[in-house]
1. How large is ³J(HN,Hα) for each residue in region B:62-72, as worked out from phi by the Karplus curve 6.51 cos²θ - 1.76 cosθ + 1.60 (θ = phi - 60°), to whole Hz, x for Gly and Pro?
2. Out of the trypsin sites (Lys or Arg not before Pro) in region C:62-132, which ones are loop residues according to DSSP with at most 16 other C-beta atoms within 10 Å?
3. Positive end of the charge dipole of the protein assembly as shown (Lys, Arg +1 and Asp, Glu -1 on Cβ, about the Cα centre): tell me which of B:Y153, B:P93, C:L35 has its Cα farthest that way.
4. Once every DSSP H run of n ≥ 4 in chain B is given -39500 (n - 2.57) and the sum is divided by its residues, what mean residue ellipticity at 222 nm do you get, rounded to the nearest 500 deg cm²/dmol?
5. Enter the angle in degrees (range 0 to 90, nearest 10) between the Cα long axis of helix D:99-110 and the first principal axis of the Cα atoms of chain D, meaning the one along which they spread out most.
6. To make sure I understand the rule: partners must be lysines, Cα under 25 Å from the Cα of A:K71, and not fewer than 8 residues away in the same chain. Which ones qualify?
7. Divide by every residue of chain C the summed helix terms, -39500 (n - 2.57) for each DSSP H run of at least 4, and state the resulting mean residue ellipticity at 222 nm, rounded to the nearest 500 deg cm²/dmol.
8. About the Cα centre of chain B, what is the dipole size in debye to 20, counting +1 per Lys and Arg Cβ and -1 per Asp and Glu Cβ, all else neutral?
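Every number here is computed from the coordinates shown, using simple stated rules; none is lab data. For clarity, every value in this text was computed on a predicted model and none was experimentally measured. Cβ placement follows ideal geometry from the backbone for every residue including glycine, while neighbour counts extend to all protein chains displayed.
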Amino acid sequence: MVKFFRHIISLIIGYFTIGSNLIKKPVTVFYPEKKKEHKNLRGKISFAEGECKCIACGICKSVCPSKGTIKITTKEDEGSKKVLDELSIDLSQCIQCGNCAENCPTKTLIMTNDYEYSSTDKIDLIIRLRR
Amino acid sequence: MNKTLKNTFQLNIGPQHPSTHGVLRCIEELDGERIKSLDFVVGYLHRGMEKMAENMTCLQYLPVVDRVDYLSGFFCSQAYLSAIETSLNFELPKKAQYIRVLTMELNRISSHLLWLASFLMDLGATSPYFYCFRERESILDIFENITGARMMYNYYTFGGVKSDISAEILDKIAEFLDEFPSHVKEYENIITNNPIFLDRTKEIGVISLKQAQNFGLTGVNLRASGSKADLRKDKPYLIYSELDFDVPFSIYGDAYTRYQMRIREMLESRKIALQCIEWLRKNISDDKVNLNINSKTVKIDEGLTIGSVEAPRGEIMCWLWGNGTNTPERVKWRTPSFYALQVLPEIMKGKMYSDLMSAFGSLDVIMPEVDR
Amino acid sequence: MNYFNISYFPDYVYIPLYYLIGFIVVAVLMLFVVLFLVLLERKLLGFFTVRVGPNRVGFHGALQTVADAIKLLFKEDIIPLKADKLLFTLSPILVFAPIMTVWAYIPFNGFFAVQNSVVGSLIFLSLLSFPILGILFAGISSANKYSLLGSLRACAQTLCYELPIFISLLSVVILSGSLDLNDIVSAQSINNNCFGWFIIPSLLGFITFYISSVAMMNRVPFDFPEAESEFVGGYHTEYSGMKFAMFFLAEYASMFILCAFMATIFLGGFLSPFGKYISDFLPLSDLIKTPLIFIEQFFWLILKTMVLVVAVIWTRATLPRLRIDRSLEFFWKLILPLSILNIFIVCLIKLFMGAR
Amino acid sequence: MNFDLSSNFNILKSETLKSGQTRFFVSKDDIVNVLTFLKNVPECDFNVLKSVSCAQIHDNFEISYYLYSSKNLDEVIILVSVPVNCPEILSVVDVFKSANWDEREIYDLFGVKFINHPNLKRILLPEEWQGHPLRKDYINEDKRLRWNYE
């Protein structure tokens, strides 16, 4: 019989702990109106402002785990020096791991806090950096 | 006539089913409510982790490693990196080791919380699901401030960790850990001696010690059946030898004890994390967090090294065959859920059909680890 | 000039018409109540689990269930290939119709009940055991292993909760002396305050009735027919569109009606706990006072049912699901003996009190 | 390591790895008796087979069995090498039940046939998959793959 009453008491405690949550403030964040502010989020890749400092070394291409996301095309400059023509990153393939942004010698690739970059067309997801 | 008429009833808990954690197909012979035989079909989530490692360099493979077991990303990268670090015999700086242990123990709490949420949802109690996720959300916010990502961290590198933990993040972690026991008490009030929960989990899915060892179980599933095997105590890696914590174990081996073990293990991890925070607060000044090796030119020399770590679900082992270049010859992942799933057909013969849900839930099996 | 008693039609036209109008009024009222009930449950479950519940459609989610109903109306109504067409379409009707008709028997206030019959409570409970037939047909006809197992479990469970319900109703009938719901309610208004209610003498009967009615509504501790973790959707896995809406509304309607019935037989249906009504004190003439009292009586009945509905939702938030054989054991070994014990207690009380 | 394996079986080579386990190189056909010996002999008592793994090193498969004894916290790895052209080896399922799925996975990804294994079928890949992916000479000619149609 004692076990029977212990069960009843534990049921009542269970009811009241659930009931006590009625008074607590709900924790839901109403997403589109109020957004959580992110200070240190590895979000969308973008290029540093100002003059393009990229030297087309290809380190970011060799370090990226998902192959084929970063494509670099170079062209001949007047002193037959290899110079960057165009650097394109396919954001639909990028897994936001941050390898390229860390190992870029001239810090042209940076990780912003933006994570809502969906688009209806795959072409918009390819960002380009021209010389 | 009755030879053709099989009086069993073949039920197919298909890949799309609410209570298989991930994608798993289970073909069952049911005789009324009793399970006659059970057969698992796995491989729906096979991403070819081991083939990927063979044509990626060590640095490229680092972000992929978090995805072997996406609920405990830190543990998989620690297993992979300890394999590389022992083969190149790096000596990690003290602060990097403390940060690694702190993040791993927080990850253990968040993975156990998610297990508790889905285990109770399988049994029908819907409301503790949201309390567990409220706690898990605060842990993931802490991870986002430290590493920049919520689940795919890519925070460990070859000589330590990528960035330091600032003082106010340490305060935030300490504040979370202080109010954590009151939350655990809240779950205990609702569940632990709730008669219906006791009915559903006592003496269900009992695994004897001999069976557990014969099937290669590790982690909480083994410790609930009576053995004290914990990698953090038997083969202490990183700085576990300096921390004092005890390993909960018991002898009954049924679903209820596994539930109790995981609750106590969460509280143990909280004790470890508090000690790490206290040490980190003492020497906040020294900022040597990694050996800043040029991680692009890390070469693994010949031969086999094994890195193993005590993950929330058991022991994750990473076998690494090097061949002198910076791409490994072969990487093999030994993951605990692969063996936990083998036990189920053995222990569920002749049991009720709804016991399968609670036994399967209590073993904490998730499919990315099984299929790799 | 008695203008009224010229009857343009013969008698057999007026009698069915009277019942038909009453039934339509109650049915439309019930649809609104069920819509509100679904919203109440989702909001309450939300607040129990520290979140907010639906709050996008309408003011704080007020139109959420209306939106759901409209969505279900326009959804395609799929009938599986191997399903038995006749049974498949028949079962939602079989589940929904008895619950709609049962509304007629509850006395809303002193004056108005759509259907006053001498054996009101007996008809009420026997009509409420009709939907099990619909659930069984739904399970068998929809050619899906999950729903077959789900409906078989529902039938196994029926046997064990029908008996305690009728026995606890018997204890109330012993106290009140008649099967008619109006007499039961008036029997409870003897020393016209809340101590005259039947919950005091047969408290055990109230508990067993509450538990077995939770099982009759297929609510959480015993919700085997659609246990989503074992059988994906139970008996209504294959249903979609309007048929699923019928099952869905039937479940919530049966919840509300059973709580209303519990309120009438145990908590003194439309009697106010303080015996007197506010409209007694208003200095109004008698002609206006009686309708005001009737409205207030209706308010008291709804309040009591709402309290019981919140209690049922609260059990859904806390308790996990029982295993099927443990729940059968629980009913046969615990609830049935308790209700029989309750009969003895009630008889002893009736013997000693004797004053009634 | 308080036991001497070399007295009963001819050990071709034994070395210790950087991560602390000792590895014994044993010939292919007496793998089952080595494992039963290690399991039943009281003083070594390796009662847990933690993992069976396989790697293709210079055209033969090295299959290693990671044994762990829960009593005296001891680890040992038994290594067996199998030629690529005729990959046949005895299955150890009746000694350790945990090897069941491991061996099925090695059969699935490498093509090593385990004799008298209860149900040797593919475990991770679909039944009708051609070839064994983890072999070095594996080429996937599936037309839908990106690099096949470029």
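1. Here the 3J(HN,Hα) series is 4, x, 5, 5, 4, 8, 4, 10, 6, 8, 9 Hz.
2. Values: sites: C:K71, C:K75, C:K82, C:K85; in loops: C:K75, C:K82.
Hits after loop and neighbour filter: C:K75, C:K82.
3. So the residue we want is C:L35.
4. On the way: 14 runs with 181 residues, N = 372.
It lands at -15500 deg cm²/dmol.
5. 40
6. A:K44, A:K53, A:K61, A:K81, A:K82, A:K107, A:K122, B:K51, B:K296, D:K143
7. On the way: 13 runs with 227 residues, N = 356.
So the helix-based figure for chain C works out to -21500 deg cm²/dmol.
8. On the way: 43 positive and 48 negative charges, 154 e Å.
It comes to approximately 740 debye.
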